[in-house]
Amino acid sequence: MKKKWKIVLLVLLVTSGTTGLYAWKEFNRSHTDTAKLKAAFTYDAMTLVEEFQKDESKANAKLNDKVIAVKGSISKIDISDSTQTVLLGVDESLGAVLCQFDASHKDELTKLKEGDAVIIKGVCTGMLMDVILTRCALDKP
């Protein structure tokens, strides 16, 4: 009987240790850098905005959680300690593409200026007033 309890205790310890290790790894897991991922779709900034404005639910079904590359002209750059964003599109339009960059790409953004033509890759999260891309990185043409 004593041997049975030792086996049960050993199994519980191994199971608890394995579960704890898995949970720790998942908690500390980071996303793959978008610069290393292949884009599922490539769009011009205004074409992307028009697709969402035409049929938002269809565009969401097609593009949400996918890595997409967007070509466009920079209309605004905002770099602060906590956020790095680039707005692609024309100022007069009713929408644009808002690209939120990871902190690891902050140095790349300091070299850009408004009016530059760029290709940006990011994960599409849908549209509020603008189409939102997160985890962005500059794409090398």
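Numbers at a glance
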{"quantity": "Cys with no candidate disulfide partner in the chain (beta-carbon separation under 4.7 Å rule)", "calculated": "Cys124"}
{"quantity": "Charge dipole (the chain, unit charges on Cβ, about Cα centre) - positive-most of Ala45, Thr19, Leu128", "calculated": "Thr19"}
{"quantity": "Added length on full extension, which subtracts the Cα-Cα distance from 0.36 nm per residue, Ser57 to Leu12", "calculated": "11.4 nm"}
{"quantity": "Lys, Arg +1 and Asp, Glu -1 on Cβ, resulting dipole of the chain about Cα centre, debye, nearest 20", "calculated": "1560"}
{"quantity": "Longest segment of the chain lacking GluC sites (Glu not before Pro) that sit in a DSSP loop with at most 15 other Cβ atoms within 10 Å", "calculated": "1-91"}
{"quantity": "Estimated 222 nm signal from helices in the chain, with DSSP H stretches of n ≥ 4 weighted -39500 (n - 2.57), rounded to 500", "calculated": "-11000 deg cm²/dmol"}
{"quantity": "Directionally averaged projected area (convex hull, Cα atoms, the chain), nm²", "calculated": "12.2"}
{"quantity": "Chain lengthening between Leu94 and Thr42 when straightened (0.36 nm per residue, less Cα-Cα)", "calculated": "16.6 nm"}
{"quantity": "Among Leu13, Leu87, Leu128, residue whose mean-square fluctuation peaks in a GNM of the chain (springs only between Cα atoms under 10 Å)", "calculated": "Leu13"}
{"quantity": "Spacing of the two label points (7 Å from each Cα toward its C-beta) at Lys66 and Lys3, in nm", "calculated": "6.1"}
{"quantity": "Beta bridges by DSSP in the chain, antiparallel share as percent, to the nearest 5", "calculated": "75"}
{"quantity": "Proxy reagent accessibility, fewest Cβ within 10 Å first, across Phe41, Phe52, Phe27, Phe101", "calculated": "Phe27, Phe41, Phe52, Phe101"}
{"quantity": "Estimated FRET transfer efficiency when R0 is 25 angstrom, pair Asp116-Ser82 (beta carbons, to 0.05)", "calculated": "0.60"}
{"quantity": "Under 23 Å between alpha carbons - lysine pairs in the range 1-106 that sit 8 or more apart or on different chains", "calculated": "19"}
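Read-outs: derived from the displayed coordinates by stated rules, not from any lab. Everything numeric here is computed off the predicted structure, so don't read it as measured data. Every residue, glycine among them, receives a Cβ derived from its backbone with ideal geometry; neighbour counts consider all protein chains shown.
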